[in-house]
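A short write-up of the structure that comes next.
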Amino acid sequence: MNANIGIFEANYYLPSTKKTLAQVFEDEEKPTESFAANVDFEKDIGIDALHVAKEETAADLCINAARLTLSKSAIDPKEIDLIIDFTSIPEDYVAPTWSAAGQVQQAIGATRAFTTAINTGGCASYQTTLKVACSLMSANDRYNTALLVAGDKTPEFNHNYFPITVVSDGGSAVILKKNMTTRRILGVEVATVGRLHDMWVIPGIHNRKTEDIGGKYPRWLHVCGDIQRFNKELIPINLFMFRKVMLGVLKQVGKKMEDVDYFVYPTFSAWDQDAFLKAFKLPREKVSTENMHHGHLQETDMVVGYVDALEAGRIKDGDLVMLATNGAGFSWGASLVQH
Amino acid sequence: MRAAVGILAACCHLPAHKRLVEDLFREEGAGYSAEVAARLGIKEVPLQDGAASETASNMAVAAGREALQRAGVDPLTVDVVVEYSIMPQEYLVPVWNMSNKVQAEVGASKSFVVGFSGGGSSNFMVALSSAAAMLAENDSLKTALLVTGDTTIPGNRVLNPADPVTVMGDGASAVVLRRDAPGGIVIDTELWSDGNNHDVCYIPGGSLIHPEDINFYRMQLDKARYDAFPKAETLRQMSNKLLERAGIKFTDVASVLCSNISAQDETEMQQAFENKVSPVCATNRESHGHLQGTDFPLNYLSSIESGIVKQGDYVLGVSHGMGATAAVSLLRC
């Protein structure tokens, strides 16, 4: 793969309205299942408040993030060759028939771009999309600039993703360019355990049970998790799979774990981050553990963690940065960016 | 691209049950006339009849298994499963995607999965182009399984009943791609989008904007905008661009494969492509209707099996889909 494709610019957009976690837990359904980890889900999660989109649609969140990123980059939208939507929860209209990519193209005036959407990987759709985008750019001389966008708006009363996390609304965008000498994407590794496909799903309007309809919690688009399987089948392999994709991408490019200067990791929960630090013997300052105030932002976590670390000076020139995450499906992904 | 990537095998898995288009029109309250029948050129479509084996994902699994078997590929050597469906799946995409289930059930446990949204009938070529790029550009990836399963929404098989555009059937297909394959070489793909038409065809109900309205859970088409979009001309211009890039003349192309949307659509394609659209497209359209992403694998297989396309022939696959997206792929068989 062309080793000179890099992250030219990245940014995110979060709605200004915030909702305290105490209010979220008061408003939403109480989970009835038990969680295997020895933690108090509500008290120990480490997130105090969530960003909540009011009138803005999911596509608006994508478009706002794209505009912020384009403005920061000073790139003319007409230069963009590819737009790939990597949103990981349902959008304004039903997928895979529709995606927000075309609406983003229209809104920003990226008239020559080809648009598509990657709809796999859950929060790891960021890594899957990087893999596809870099491959397409590398294989085709005519693709020089790509815009990756995501916008997630959680249905009302479904911010509580027990037992994993609590989710904010927001959007993110990343501009990839060829011929970069810094922020180069050295490699991307993705792994999937497909037998877990039906552990975390949204049944959809065509598949809903009558008891889900109406009432305070009209769960038309709410996620349903099989907590027993989560405890028995996902938790035991999670860190093993993280190790597999991280070592996989390091092997791709001939690097070692100790060569990595900084890790971008999702903001699922405080205990999840602690488990990651412990498993890989990483000091807290080497991992993006300071973004919990945003709440978990699905695939956008990777962009928020990266952008915040850059702006705070935690990533420096010459640093090797590992971005690693997992997501529904289930997939795990890791990418390496050379600063 | 560094290495040639080609199609090792393809397979379609269609429900055994078929319905006459005339009956579907009656059921859906759409007017069926001799003029409509001639314009569509579709006699019957395969539709699943409620059997568990004929859910979209189960048909995709069956197609995937058969394609791997035809290719002589051990599922454990598949590096990536690429999904190109168009219709809503058993659970909501993108939280769920059938590619994960396919990966598990065909035994491709060493692979990762990728799925594509928003390209309509062009989704297959988006998947083909992306998979070919991944195999050509990543040393660790050699074999891809492309797969789809599409089942239509009951009561929504006639697209735009007031002025019908096509009749959609159910089906699944799979294609095995490999770096250094001996034939079926994917030479190049040209992709194009017009975001102004992002909502020319979509399903409004069951989404964030209309979460609870089952009456909107239907594929809707803005016919005026659909008609205004210069589909055949756009595809011919894209083909010319792609052929020029590949250093091949249109006269060297043996055959053009288009989507099985309607007789009217095919007539426009025949005009734009100088009557090179393969006769298999009309035959498959009449007997199967529009099978979304499966149209291309079905027509490709028919072309090979009928001998219309021979080894070494250049074939153009052309498709326009919602999004609006247009796609052209050039293959050397």
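The numbers here are math on the coordinates, done by the rules we state, and not lab data. What you see is a predicted model; the values in this text were computed from it and never measured. So basically every Cβ, Gly included, is an ideal-geometry build from the backbone, and we count neighbours across all protein chains shown.
Can you sort B:GLU305, B:GLU212 by how many other beta carbons sit within 10 Å, fewest first?
Ranked by crowding around the Cβ, least crowded first: B:GLU305, B:GLU212.
Net charge within 9 Å of B:HIS320 by Cβ-Cβ distance, Lys/Arg positive one each and Asp/Glu negative one each, not counting B:HIS320 itself?
0
Assigning unit charges at the beta carbon (Lys, Arg +1; Asp, Glu -1) and nothing else, what dipole magnitude in debye, to the nearest 20, does chain A show about its Cα centre?
Dipole of chain A, to the nearest 20 debye: 1040 debye.
Roughly what % of DSSP beta bridges within the stretch A:6-180 run antiparallel, to the nearest 5?
70
Once you list every other residue whose beta carbon is under 13 Å from the beta carbon of A:GLN273, what net charge do they have if Lys and Arg are +1 and Asp and Glu are -1?
-3
Report the FRET efficiency, 1/(1 + (r/R0)^6), for A:ASN38 and B:PHE229, where r is their Cβ-Cβ distance and R0 is 60 Å, rounded to 0.05.
The calculated FRET efficiency here is 0.55.
Give, rounded to the nearest 20 debye, the magnitude of the charge dipole that the stretch B:5-182 has about its Cα centre when Lys and Arg contribute +1 at Cβ and Asp and Glu contribute -1 at Cβ.
Roughly 320 debye, rounded to the nearest 20.
Under the 0.36 nm per residue contour assumption, what length would be gained going from the current alpha-carbon distance of A:LYS286 and A:ALA74 to full extension?
Stretched fully, the A:LYS286-A:ALA74 segment lengthens by 73.3 nm.
Output needed: percent of Cα pairs per 5 Å distance bin for the stretch A:290-339, bins running from 0 to the one holding the longest distance.
5, 18, 28, 24, 16, 8, 2, 0
Would you work out the relative contact order for chain A, in percent, from Cα pairs under 8 angstrom that are 6 or more residues apart?
Rounded, it is 26 percent for chain A.
From the cross-link list A:LYS78/B:LYS142; A:LYS54/A:LYS216; A:LYS43/A:LYS278, which pairs have alpha carbons spaced over 24 Å apart?
In this structure, A:LYS78/B:LYS142 exceed 24 Å between Cα atoms.
Given the options B:ARG225, B:ARG179, B:ARG285, state which has the largest fluctuation in a GNM of chain B using a 10 Å cut-off (strictly under) for Cα springs.
Among B:ARG225, B:ARG179, B:ARG285, the largest GNM mean-square fluctuation belongs to B:ARG225.
Compute the relative contact order of chain B as a whole-number percentage, counting only Cα pairs closer than 8 Å that sit 6 or more residues apart in sequence.
26
With Kirkwood's inverse mean 1/r over C-alpha pairs for Rh, give me the Rg to Rh ratio of chain B, two decimals please.
Rg/Rh for chain B comes to 0.94.
Volume per residue, Å³, of the convex hull around the alpha-carbon atoms of the stretch B:146-269?
Normalising the Cα hull of the stretch B:146-269 by residue number yields 162 Å³.
Using the crude model of +1 on Lys and Arg Cβ and -1 on Asp and Glu Cβ, and no other charge, please compute the dipole size for the protein assembly as shown relative to its Cα centre, in debye to 20.
Once rounded to the nearest 20, the dipole reads 1740 debye.
Could I have the simple spin-label model distance between A:ASP27 and A:ILE237, label points 7 Å from Cα toward Cβ, reported in nm to one decimal?
Placing both labels 7 Å beyond Cα along the Cβ direction yields 3.6 nm.
Take each of the peptides B:18-25, A:25-32, average the number of other beta-carbon atoms within 10 Å over its residues, and list them starting from the highest.
B:18-25, A:25-32
Mind checking the log10 I(q)/I(0) for the stretch A:101-257 at q = 0.11, 0.12, 0.14, 0.20 Å⁻¹? Debye, one equal scatterer per Cα, no solvent, two decimals.
Treating every Cα as an identical point scatterer, log10 I(q)/I(0) equals -0.62, -0.73, -0.95, -1.38.
Gain in length, B:HIS17 to B:ALA3, computed as 0.36 nm per residue apart minus the alpha-carbon separation, to one decimal in nm?
Taking B:HIS17 through B:ALA3 to full extension adds about 0.9 nm, to one decimal.
I'd like the per residue volume of the convex hull spanned by the Cα atoms of the protein assembly as shown, given in cubic angstrom.
So the per-residue hull volume is 136 Å³.
Quick one: grab the alpha carbon gyration tensor of chain A, order the square roots of its eigenvalues as a ≥ b ≥ c, and give me rounded if a/c is under 1.5, else prolate or oblate depending on whether a/b is larger than b/c.
Oblate is the answer for chain A, as a/c is 1.5 or above yet b/c matches or exceeds a/b.
Report the calculated FRET efficiency for A:GLU258 and B:ASP180 (r = Cβ-Cβ distance, R0 = 45 Å), to the nearest 0.05.
0.80
Below 16 Å Cα-Cα, how many Lys pairs turn up in the stretch B:187-332? Only count pairs eight or more apart in sequence, or on different chains, if you could.
The number of close lysine pairs in the stretch B:187-332 is 5.
Starting from the Kirkwood Rh over alpha-carbon pairs, what translational D in µm² s⁻¹ does the stretch B:74-151 have by Stokes-Einstein at 25 °C and 0.890 mPa s?
This corresponds to a translational diffusion coefficient of 195 µm²/s.
Label 7 Å along Cα→Cβ of A:GLU156; the stretch B:214-242 residues with amide nitrogen under 19 Å?
Counting only backbone N, you get B:214.
Any idea what the relative contact order of the stretch A:6-180 is, in percent, if you count C-alpha pairs under 8 Å spaced at least 6 apart?
Relative contact order comes out at 36 percent.
Across peptide A:106-118, what mean number of C-beta atoms from other chains lies inside 10 Å of a residue's C-beta?
That works out to 6 on average.
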